[in-house]
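Step one of this worksheet: look at the structure below.
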Amino acid sequence: MPERRTVALVTLGCARNEVDSEELAGRLEADGWELVEDAEDADVAVVNTCGFVEAAKKDSVDALLEANDLKGHGRTQAVVAVGCMAERYGKELAEALPEADGVLGFDDYADISDRLQTILSGGVHASHTPRDRRKLLPISPAERQDSAAEVALPGHAPADLPDGLAPASGPRAPLRRRLDGSPVASVKLASGCDRRCSFCAIPSFRGSFISRRPSDVLNETRWLAEQGVKEIMLVSENNTSYGKDLGDIRLLESLLPELAEVDGIERVRVSYLQPAEMRPGLIDVLTSTPKVVPYFDLSFQHSAPAVLRSMRRFGDTDRFLELLDTIRGKAPEAGVRSNFIVGFPGETEADLAELERFLNGARLDAIGVFGYSDEEGTEAATYDNKLDEDVVAERLARVSRLAEELVSQRAEERVGQTVRVLVESVDGDEGAYGRAAHQAPETDGQVLFTNGENLTVGLMVDAKVVGTEGVDLVAEALPGSLACTEEAAR
């Protein structure tokens, strides 16, 4: 009988990392590893790190150190780093953090079982050497699909059976294993990014933009529906570019209705949209397709023209407000969220006032605000006109206060409305929680039910908003929805 091998995956960072972890889980389980939830119960703890900003890197290091502390006190024998931070720094991370027994890059994912077995057996697998992953694919997007099989693309793993061996009916299981029972799951639409924002290092370690084929996205969505998933969220570094390397930049507009028709899927959400790439046709599909929620995760970053140009981005306050007017003209209650960087090199008080003008006029449902800090390897890190750290901190606090006030006001505008809510948590002590169409998982607030006694996780219910708690809504499930839930329970 083969020796029992256990592994736990600890995931940090964004939804894209969550998909990558579930692919790693699928590979490991297929090779006989037993997946466990807690690192202390695992022979190997695999930490899927984030390498985006300093705070995320610190969280990743802390998670690795915390897992390392388990060694000698329980089952855990090895701690391995994977993910963006491991890919970005490789040997440098291994030298700085000897507590990690292995630092594996994306190229190791296909052989993750062998890598972990080597480390668990006391062997050493050389930490990977970082490289600019933008150079692994052709410059021309049209030529990339032919090279895709030669490049590691986390989250793009094909189904675990060849076409000729696919089951006669039902979706083929993707090389993925769900790590929780949530009714929501992310699906990779693409990987990488061709934009060259001066503050962002992601393209250097995630690579150039490459789309997944629609058939793979559909197959994975059908499989997730069979696992009980009710909402899928399409993720990538830039969803508005989907299809450009497949010969059709409007491919997302045709894919979304197909995803919405998958049996069992009640809600389709698209994240990570670039304002400069928004198309009228895409807005139409996002605001008019049943089950596709009118949700716009728009990466504005700033609204002062001078700052945006320095960021290597496009737009200004008035054009951004016009875009939002267009969206709300088609779907008045559409959800809109965005992130912003304050204290960017060269940002003036006038620039900050322009950003505040935009925020006051935009009526955003959720706002993330970050203070600028240098990211090594980026163009902005070489700029001379840096602001003092205390100035950046003051501006961060100032805009964060404004953002908190504005999203609370926007939530209050929804009082009296009826919203469709996916129930995600039912707890005897904390009550029942869920999310409305304008709320993405973990980032945009939630809905607290005043009468959630008969609700169960995974149900879609109509509820009337009766109050707010900051960005969160307080709602009462409507009698018709409760009757439906009771019928479903029977």
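The values are calculated or read from the model by the stated rules, or taken from the named source; none is laboratory data. Quick caveat: nothing in here was measured; it's all calculated off a predicted structure. All Cβ positions, even for glycine, are placed from backbone atoms using ideal geometry, and neighbour counts span all protein chains on display. Side chains are part of the model used for accessible areas, which takes the heavy atoms of the whole protein and leaves out ligands, DNA and RNA. Shrake-Rupley method; radii C 1.70, N 1.55, O 1.52, S 1.80 Å.
How much net charge surrounds I112 when only the other residues with a Cβ under 10 Å from the Cβ of I112 are counted, with Lys and Arg +1 and Asp and Glu -1?
Every neighbour counted, the sum reads -3.
So which GluC sites (Glu not before Pro) in segment 17-60 end up in coil per DSSP with only 16 or fewer other C-beta atoms within 10 Å?
Numbers: sites: E18, E22, E23, E29, E34, E37, E40, E54; in loops: E37.
Here the sparse-neighbourhood loop sites are E37.
Suppose we keep just the DSSP beta bridges with both residues in segment 191-338; what percent of those would be antiparallel, to 5?
Close to 10 percent.
So if each residue of separation counts as 0.36 nm, and I subtract the Cα-Cα distance between A276 and E389, what length gain in nm does that give?
Extra length from A276 to E389 when fully extended: 37.7 nm.
Can you tally the net charge around T468? Count Lys and Arg as +1, Asp and Glu as -1, for every other residue whose Cβ sits under 9 Å from the Cβ of T468.
Numbers: positive: R414; negative: E412, E469, D472.
Within the 9 Å Cβ shell, the charges total -2.
Taking 25 Å as the cut-off for C-alpha to C-alpha distance, list the pairs among K188/K291; K57/K291; K244/K386; K57/K91; K57/K386 that go past it.
In this structure, K57/K291; K244/K386 exceed 25 Å between Cα atoms.
What FRET efficiency comes out for the pair D427/D146, r = Cβ-Cβ distance, R0 = 41 Å, nearest 0.05?
Numbers: r = 50 Å, r/R0 = 1.23.
E(calc), rounded to 0.05, equals 0.25.
Add +1 for every Lys or Arg and -1 for every Asp or Glu among the other residues with Cβ under 12 Å from the Cβ of T49, and state the total.
After counting each charged neighbour, the total is -1.
For a quick check of your reading of the filter: which chymotrypsin sites (Phe, Trp or Tyr not before Pro) in segment 290-324 sit in a DSSP loop and have no more than 15 other Cβ atoms within 10 Å?
Of the chymotrypsin sites (Phe, Trp or Tyr not before Pro), the ones in loops of segment 290-324 whose Cβ has at most 15 other Cβ atoms within 10 Å are F314.
Using a Förster distance of 22 angstrom, determine the FRET efficiency expected from the C-beta separation of R4 and D62, and round it to 0.05. Mind dumping the intermediate values first?
Working: r = 29 Å, r/R0 = 1.33.
Rounded to the nearest 0.05, the efficiency is 0.15.
Quick check on the chain: helices-only [θ] at 222 nm, where DSSP H runs of length 4 and up contribute -39,500 (n - 2.57) each and the sum goes over total residues. Nearest 500, please.
-10000 deg cm²/dmol
In square angstrom, what is the accessible area per residue of segment 218-272 with a 1.4 angstrom probe? Could you put the intermediate results ahead of the total?
Details: 1760 Å² over 55 residues.
For segment 218-272, the solvent-accessible area averages 32 Å² per residue.
Rounded to whole Å, give me the distance from the Cα center of segment 432-476 to that of segment 87-116.
40
Which of the GluC sites (Glu not before Pro) across segment 324-364 are loop residues per DSSP, with 15 or fewer other Cβ within 10 Å?
Values: sites: E333, E347, E349, E354, E356; in loops: E333, E347.
Passing sites in segment 324-364 are E333.
With θ set to phi - 60°, apply the Karplus curve 6.51 cos²θ - 1.76 cosθ + 1.60 along segment 42-50 and write out the HN-Hα couplings as whole Hz, x wherever there is a Gly or Pro.
Rounded to whole hertz, the list is 10, 5, 10, 9, 9, 9, 8, 8, 10.
Residues with amide H under 5 Å of G368's amide H, sequence separation 5 or more or different chain, H placed in the peptide plane at 1.01 Å from N; which?
Under 5 Å from the amide H of G368: S338, N339, F340.
How large, in percent, is the carbon and sulfur part of the accessible surface of the chain at a probe radius of 1.4 Å? Mind showing how you got there, number by number?
Details: 10130 of 20910 Å².
The value for the chain is 48 percent carbon and sulfur by accessible area.
Output the antiparallel fraction of DSSP beta bridges having both residues in the chain, as a percent to the nearest 5. Write down the numbers at each step before the final one.
Numbers: 21 of 60 bridges.
Beta bridges within the chain, antiparallel portion: roughly 35 percent.
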